[in-house]
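Report on one structure; see the data block that follows.
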Amino acid sequence: MLRKYFPTTLHILFTYFVNSYFFFTFFFLFLNLTYAQEDSDFVIPDSLQQKTFNELRTAFENVEKDSLQKIFYAKSYLAKAIKEKDKLNQMIGYEFLGKSFRTDYRKSFSYFDKGIAVSKDFSNERYPAIFYTYKGAVLQYKGKYKESLDNYLEAMDAADKSGNLELYYVNKYNIGTVKWRLEQYQEALDIYKECYAFEKNNPKRDTLDFMLSHLALANLYIETKQLDSAAFYIDKGIRIAAFTKNPRIYNLFVLNEGMRLFYKKQYLTAIDSIQKTIPVLMSDRDKSCIIDAYFHLGKAHDSLQQKETAIVYYKKVDSVFSEHTNFISTKVMENYDALYQYYKSQNDIQKQLHYTNRKLFADSIFYNNYRYLSATISKKFDRRSLLSEQEKLNAALKKKDRKFNVFLKIAGAVFCLFIFLLALFYYKQQRLKRRFQEFVTQHTQKSTLIPTQTVQATEETIGIPQEIVDHLLKQLATFEKETAYIHADITLTDLAKKFKTNSAYLSKVINTFKDKNFAEYLNDLRVDYAIDKIQNDKHFLLYTIKAIALEVGFNNSQSFARAFKRKTKMQPSDFIKQVKNITI
């Protein structure tokens with residue numbers, strides 16, 4: 001089973017240690033064959049020419065630490081698949097190569113992307129979903145949550161289409177983990193509960209994954225202060241971890257129990273539980289666990305009025321975060337608040353400034369990581385107030401206002417820029433509103449007119465017998481009345497056959513009597529239909545632009561948007577927004 005991404009299950013770092021004479025020879029052979037050549041030029045060595053795919057896979061999987069040797073076998077596997085034009089094994093080869101370049105994620109992603117490209121015209125329950133899953137996990141580990149979410153969503157979509165339920169829920173779980181990192185706890189909890197229900201009823205479930213699901217639910221119930229529910233999953237998880245003799249997971253459950261006891265205000269018992277986990281958590285790659293442990297130890301001692309001991313643990317949080325800044329959280333921010341408030345009570349301005357600067361540094365990481373994805377976090381900590389406090393402390397230390405004046409000038413410039421942008425936004429909104437009103441007025445007036453108009457055209461001028469012209473105009477009227485134009489992929493040739501004429505006659509009649517070519521005629525009908533639906537069908541207001549485009553006969557949202565703007569001088573999204581403003 002593919003392991004779900006849980007904060008330490010993505011093993012990225014590995015060693016290049018070489019300890020045998022055989023491998024020195026292999027190493028130089030590999031350099032010549034791999035880095036000097038492209039995939040398509042790679043030549044499988046004679047010793048591997050007769051190997052089957054299964055034998056090459058086994059050789060690849062048996063190499064644990066030697067990344068160069070893994071790449072060599074993966075290259076051989078891919079070269080064999082390309083030579084035999086075996087698409088499935090090409091994708092497997094790209095997966096092997098992507099997994100081999102673990103310290104160079106850009107190189108790794110290049111192979112995953114090649115695998116995605118190969119899989120586009122190939123139906124398989126594993127591909128391309130697995131490529132997106134790997135990319136999402138790496139990006140999540142690197143703290144690139146927006147890109148990580150995008151890849152998990154692509155993986156879920158692909159797994160859903162191929163019917164791979166297990167891979168679908170793996171990625172859903174991973175999305176829950178991203179939301180957990182973003183401290184969107186309730187959303188993460190809802191996702192984990194759904195994944196847990198699937199896993200509980202899955203006879204092929206992986207024991208470690210099942211334990212991790214208990215751990216995740218316990219942690220989220222603690223974060224949402226549903227402490228009795230947390231106790232249920234902690235108790236079950238501890239029993240499973242003890243049975244499977246997994247010390248790391250066991251200690252993580254003990255840590256969660258300690259945090260639960262802290263929020264139950266059983267501070268001494270909480271301290272005892274958390275202290276037991278420290279030796280194991282100190283060596284854990286997921287530094288958020290040791291940060292949680294030190295932070296709650298600090299808070300527990302703080303609650304017992306043991307300030308000096310609490311500060312020792314708060315400083316330990318700072319020490320861990322200084323070396324592992326991708327493990328940012330509101331707990332880290334709260335930790336710096338506690339340090340700042342303590343030294344403020346001691347009237348130690350130097351330490352106040354130090355921890356204010358540390359918090360500003362943390363805040364900059366916080367802001368960059370979360371500004372696009374978590375509105376809740378941005379509300380919790382006001383960066384402006386932090387900068388203001390920093391300026392005050394600098395003024396107290398240096399007794400100079402030079403930096404403060406610079407700050408004021410910058411703030412003034414930012415304020416002016418803000419006012420300018422606000423005015424520009426207001427101007428654009430008013431212009432859109434005027435365009436909308438003008439268009440709606442013109443559109444309404446046009447709709448009240450008789451839809452036919454007399455065109456001075458004779459058989460001699462257009463070269464078509466009058467009875468055929470009359471027949472085609474009648475057919476076009478029926479075509480418009482029955483809204484047959486909303487069906488996708490209508491062509492001039494197809495419509496001419498339906499009208500029992502030829503495309504030249506039909507094109508000429510449309511050009512003459514509709515005063516536009518066939519494409520414009522068709523697009524205008526569809527746009528008019530879309531406008532009518534947007535204005536009169538409240539359900540249409542809930543559709544995406546892509547959904548509206550497909551509904552009215554366009555093949556994609558881009559062509560719909562172009563046709564819509566050509567006719568209305570507005571983007572569809574702006575038009576919908578104006579309609580919503582009227583209906584509110």
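Observations on the structure shown:
- Beta carbons closer than 6 Å, at least 6 apart along the sequence or on distinct chains, pair a first residue in the stretch 144-162 that is under 12 Å from Y134 (Cα atoms) and at pLDDT 90 or above with a second that is β-branched (V, I, T) and open to solvent by less than 70 Å² (accessible area, probe 1.4 Å) for Y152/I175; A155/T133.
- Remark: A242 falls outside the filter, which requires a residue to be closer than 19 Å to K299 by Cβ and either β-branched (V, I, T) or assigned to a helix (DSSP H, G or I) (or both).
- Sub-7 Å Cβ pairs linking a first residue in the stretch 318-330 that is over 12 Å from K142 (Cβ atoms) to a second residue that is open to solvent by 60 Å² or more (accessible area, probe 1.4 Å) and of a type outside the set (D, E), at least 6 apart or interchain, are T330/K380, ordered by first then second residue.
- Answer residue from the stretch 105-143, given it is at pLDDT below 90 and of a type in the set (K, R) and is least open to solvent (accessible area, probe 1.4 Å) among those: K107
Here is a yes/no grid of residues against (1) closer than 21 Å to K236 by Cβ; (2) in contact with a His (Cβ under 8 Å, 6 or more places away or on another chain); (3) open to solvent by less than 30 Å² (accessible area, probe 1.4 Å):
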residue	(1), (2), (3)
M259	yes, yes, yes
Y263	yes, no, no
A270	yes, yes, yes
F295	no, no, yes
V312	no, no, no
E323	no, no, no
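- The set of residues in the stretch 146-185 being open to solvent by less than 10 Å² (accessible area, probe 1.4 Å), among the aromatic types (F, W, Y) and over 22 Å from D113 (Cα atoms) consists of Y173 alone.
- Test: residue in the stretch 567-574 that is in a helix (DSSP H, G or I), among the hydrophobic types (A, V, I, L, M, F, W, C) and either under 16 Å from A484 (Cα atoms) or touching a residue at least 24 places away in the same chain (Cβ under 8 Å) (or both): no
- Annotation for the stretch 55-63: at least one member residue is modelled with pLDDT of 85 or more, small (G, A, S) and part of a helix (DSSP H, G or I).
- Number of the condition not met by D284 [criteria: (1) farther than 25 Å from N174 by Cβ; (2) open to solvent by less than 20 Å² (accessible area, probe 1.4 Å); (3) assigned to a loop (DSSP other than H, G, I, E, B)]: (1)
- Elements of type helices (runs of 4 or more DSSP H) in the stretch 466-542, at least 2 residues being on the phi < 0 side of the Ramachandran plot and loosely packed, with under 15 Cβ neighbours inside 10 Å: 466-481, 492-498, 518-536
- Within the stretch 115-130, considering residues that are in a helix (DSSP H, G or I) and either of a type in the set (G, A, S) or without any contact (Cβ under 8 Å) to a residue 40 or more places away in the chain (or both), the one farthest from Y152 (Cα to Cα): V118
- Checking the stated criteria, V579 turns out not to satisfy the condition of being within 18 Å of L525 (Cβ to Cβ) and surrounded by 14 or more Cβ atoms within 10 Å (Cβ to Cβ).
- Single unsatisfied condition, F560 versus (1) farther than 24 Å from I464 by Cα; (2) open to solvent by 40 Å² or more (accessible area, probe 1.4 Å): (2)
The values are calculated or read from the model by the stated rules, or taken from the named source; none is laboratory data. What you see is a predicted model, and the numbers here were worked out from it, not measured in a lab. Neighbour counts run over all protein chains shown; Cβ positions are idealised from the backbone, glycine included. The accessibility values were calculated without ligands, DNA or RNA, using every heavy atom of the protein model including side chains. Shrake-Rupley method; radii C 1.70, N 1.55, O 1.52, S 1.80 Å.
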